[in-house]
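Structure, as structure tokens:
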Amino acid sequence: MGLALFISVQMINKLAILGPGLLGGSIALAVQQQCPELELSLWGRREQPIALAKSLGIAGATSSLQEALEGCDLVILATPVGVMAQMVEQIKSIVGDRRVLLTDVGSVKRLPHASIAPIIEGSQIEFIGSHPMAGSEKAGMEAATVGLIQGATCLLTNDNKVAEEKVAALEQFWRKLGCSTRRMTAEDHDYAVARVSHFPHVLASVGASVGLSFEDITPLCGGGMRDTTRVAAGDPDLWTEILMENRDALQRSMRESIADLLRLMDCLEKEDREQLYEYLETAKKRRALI
């Protein structure tokens, strides 16, 4: 089917991305390069990122939500998860009875499914969750890059049981942008990303907090400290929201890490080189999987 992306019997002619941040902006740049035949709009409240988007060639960048949604077939929510329900209320009032496929790129999925489903019930809007596993410690449209999601896995959640052909169309869209795709339930998604995304951010923050607690030793830092704490430089507002939204799943990984730290401390206290070696060897083998 190539680039012919179909929702039911209609081709996707227009895509609206709401949120000109790092991920929303990067998706817009990728669409502009990989899917030039799609009409693209990129909406944001503030004029500065919209002006920047236009300077990067995104002619459909606008601060008018009405203009961004006009005639769109697919809408991507690239806003913070906490404001998505409010955004969907506005989308619903603007698109009326038009058929629209809605997705998001949030880091958690149970909350969007739970909050969006009752809003769109009885409307022609259908929601499928998306999460391209890509990001940066930097933020904003100024950090957006055309290759950010290239090679990333995009996780799709269809807890609202949208028809198979529409899920397949959304999968094809992400693949056209260079992603591989995988389907999961919203619950499985949140517990998986707690381990591979949210928990590593906690570890990086702890590493920066403890390791760099004395300013006079910061000049001694080498690549190891920089690599392991890089994501701790991320936006605290964004990450406070993410960690709180996925707190139950995250706490499981944190409890396991506390147990592992106690195990390592026990190895050191008992001078148990064999157990320490086995732990480090297992960790090395698991790291090699990626």
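Key figures
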item	result
Principal-axis tilt of helix 247-269 within the chain, Cα atoms, nearest 10 degrees	20 degrees
Highest to lowest packing among 270-277, 173-180, scored as the average C-beta count within 10 Å	173-180, 270-277
R0 of 35 Å, Cβ-Cβ distance residue 13-residue 196: FRET efficiency to nearest 0.05	0.50
The chain: angle of helix 199-211 to the longest principal axis, Cα-based, in degrees nearest 10	50 degrees
Only Lys, Arg (+1) and Asp, Glu (-1) charged, at Cβ; the chain dipole about Cα centre in debye	520 debye
Extension reserve of the residue 220-residue 247 stretch, reckoned as 0.36 nm per residue once the Cα distance is removed	6.3 nm
Residue-averaged [θ]222 nm for the chain, counting only DSSP H segments that reach four residues, each worth -39500 (n - 2.57)	-14500 deg cm²/dmol
Convex hull per residue volume in Å³, alpha carbons only, for the chain	146 Å³
Filter on 54/92; 109/284; 92/138; 161/284; 109/166; 14/54 - keep pairs with C-alpha separation over 29 Å	109/284; 92/138; 161/284
Chain lengthening between residue 48 and residue 175 when straightened (0.36 nm per residue, less Cα-Cα)	42.7 nm
Crossing angle, helix 22-34 versus the chain [Cα axis fit, 0-90 degrees, rounded to tens]	60 degrees
Cα coordinate range in region 228-290, projected on the principal axes (Å, largest first)	42, 23, 19
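Every number here is computed from the coordinates shown, using simple stated rules; none is lab data. Note that this is a predicted model, so its numbers are computed, not measured. FYI the Cβ positions are ideal-geometry reconstructions off the backbone, even for glycines, and counts take in every protein chain you see.
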